[in-house]
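The values are calculated or read from the model by the stated rules, or taken from the named source; none is laboratory data. Since we're looking at a predicted model, the values are computed, not measured. As a convention, Cβ positions derive from the backbone with ideal geometry for all residues, glycine included, and neighbour counts pool all protein chains shown. In case anyone asks, the SASA skips ligands and DNA or RNA and just uses the protein heavy atoms, side chains included. Shrake-Rupley method; radii C 1.70, N 1.55, O 1.52, S 1.80 Å.
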Amino acid sequence: MRLASIISAIVLTAPSLMVGQSAQNVSAKPEPLDAYLSCRYGAGLSVVSALRMQGEGLRYRDIATAEGKKKVSIIDGYRLMLSQGEPSFFANLHIEKSDPRQYARDKAVVIKSLEYAMDARPPGPKAVWDHVPYNGFDVYSVTDTTMGANGPNGIYVLFRDSTQIIVTIYFLGQKPEHRHFGTIQEHDAIVDKMVEDLTTCANTPLAVAAGNLPPLRTPEDLDHFINKYYLQPGPERIPDAMAMLTSSGVLQIPEAVGTITGFFSEVFLTNPSRLVGWQPVIGKQPGFAKSVLDSALSWSKAGGVLHLPGRPPQIAEFYWGAFFASGNPVYAKKLLELAAFAAEQNDLALWTIGSMAKWSLAMNSRRHAVLHSILEAEKRSADKPTQDLIDEVLKVDPGRMQRDMLAFRNRQIRSGKW
């Protein structure tokens with residue numbers, strides 16, 4: 001949710017994977033995966049979703065091979081979706097760090113899985129197998145060279161032996177009307193550019209990559225940073241974001257404070273190993289900025305905004321801030337639960353909370369493809385009232401929704417019910 005959108009929502013009264021980090025990692029050095037998340041792609045590609053694996057520490061995922069299911073270790077990982085503009089989704093990336101002690105075995109298993117995927121393809125044009133060292137990676141691929149109804153597609157696996165990182169790229173088939181390429185040669189040129197950009201980012205020191213980002217100086221800068229953070233997390237920029245809270249004047253917007261507090265609370269919660277370096281920055285902030293950050297830190301130590309007691313009037317703002325910090329679907333579901341209170345006719349406070357949640361979901365589902373997908377997925381397993389609510393959020397014009405809410409509020413006041 002944009003900070004300006006929060007202000008508009010307040011007119012009514014007068015936005016399974018989550019970001020996570022192992023607490024065992026107490027190093028102040030940049031994380032091995034940070035360079036991949038800060039990457040900028042050419043060929044019209046942009047990151048439209050970036051979600052971190054849920055949980056902490058060593059985990060495993062099952063993978064299919066000709067010898068049956070095998071396990072691959074994972075210490076940390078992200079899922080990125082790259083698009084050339086919705087609905088032209090081009091590639092789904094799985095960026096995973098293996099347990100260094102098991103990396104050699106993991107690599108062998110993943111290669112066997114890729115071979116199995118090639119052998120298990122249905123009858124038709126034979127896929128192309130390739131293996132080549134490239135830009136510090138050991139690259140394997142299976143690609144489809146056809147331009148059929150949903151082709152071309154393919155799988156690339158990039159092994160970074162020096163850091164025990166495995167990047168799996170699923171190139172997605174697209175309907176002809178969604179493609180930004182006309183021939184297989186144009187498609188392959190986009191693939192080549194993407195792989196070049198990705199491997200170059202991995203070889204670029206993070207400080208250099210971060211230095212190419214625009215500075216955070218104004219409320220609009222911070223708005224954009226918070227609004228898009230979950231798509232491309234940049235914890236290395238959090239100290240700058242904290243430092244500009246006062247100078248930007250953003251905390252002078254009362255309705256923005258809740259979202260900012262929720263945002264930093266979730267960032268602190270999901271980056272425990274960075275808190276040692278961040279706490280001196282918090283301590284240096286003046287007046288109200290320090291108070292906001294202290295509250296965010298306190299909430300994070302208590303488990304985050306999900307564990308706040310009661311139902312404060314700003315609860316929707318807190319959830320939005322946490323969602324933008326993580327993209328965690330649980331916050332969208334919590335907002336959906338709040339939105340049900342928009343049907344309340346006997347309690348102004350509850351109706352106000354519900355109406356803000358409902359309207360902000362409608363607004364942000366049109367700005368954030370990830371949120372729209374979360375709501376669509378929730379609808380499939382929801383009860384009938386919740387399905388109807390989701391339909392309204394996704395289909396009714398937010399401007400009309402807001403006008404109807406204001407009219408209802410005024411009728412309730414005139415009738416003496418509120």
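How large, in percent, is the carbon and sulfur part of the accessible surface of the chain at a probe radius of 1.4 Å?
Exposed carbon and sulfur together represent 54 percent of the surface.
What number comes out for accessible area per residue over the chain if the probe is 1.4 Å? Units Å², please.
Per residue, the chain has 45 Å² of solvent-accessible surface.
Below 19 Å, Cα to Cα, which aspartates and glutamates can LYS175 reach? Residues fewer than 8 away in the same chain don't count.
Answer for LYS175, where 19 Å is the Cα cut-off: GLU86, ASP144, GLU186, ASP188, listed by chain and number.
Roughly how many whole Å is it from the C-alpha centroid of the range 312-345 to that of the range 375-413?
14 Å
Taking LYS301 as the anchor, which lysines have their alpha carbon closer than 19 Å to its alpha carbon, excluding any fewer than eight residues away along the same chain?
LYS290
Of MET53, SER265, SER248, which is farthest along the charge dipole of the chain in the positive direction, counting Lys and Arg as +1 and Asp and Glu as -1 at C-beta?
It is SER265.
Using a 1.4 Å probe on the protein heavy atoms only, what accessible surface does ARG366 show? Give it in Å² to the nearest 10.
The accessible area of ARG366 comes to roughly 110 Å².
Please state the charge dipole magnitude for the chain, taken about the Cα centre, from unit charges on C-beta atoms (+1 on K and R, -1 on D and E), reported in debye and rounded to the nearest 20.
Computed about the Cα centre, the dipole is about 820 debye.
Please compute, over every Cα-Cα pair in the range 41-170, the percentage with a separation greater than 26 angstrom.
Result for the distance tail: 25 percent.
Based on the mean of other beta carbon atoms within 10 Å per residue, what is the order of 287-293, 64-70, most packed first?
Going from most to least packed, we get 287-293, 64-70.
Give the peptides 297-309, 226-238 in descending order of average Cβ contacts within 10 Å, highest first.
Those peptides, ordered most packed to least, come out 226-238, 297-309.
Over 20 Å between Cα atoms, which of LYS333/LYS358; LYS97/LYS333; LYS358/LYS395; LYS333/LYS384; LYS334/LYS384 qualify?
Cα-Cα > 20 Å for LYS97/LYS333; rest within.
Rank SER381, SER326 by accessible area, highest first, at a 1.4 Å probe radius?
My answer, sorted largest first, is SER381, SER326.
Please compute the alpha carbon radius of gyration of the chain, then divide it by the globular-protein estimate 2.2 N^0.38 Å. Two decimals is fine.
This ratio for the chain stands at 1.06.
Report, ordered by chain and residue number, the aspartates and glutamates lying within cross-link reach of LYS379, taken as a straight Cα distance under 20 Å and ignoring same-chain residues fewer than 8 apart.
Once the sequence-local aspartates and glutamates are set aside, what remains near LYS379 is GLU337, ASP388, ASP391, GLU392, ASP397.
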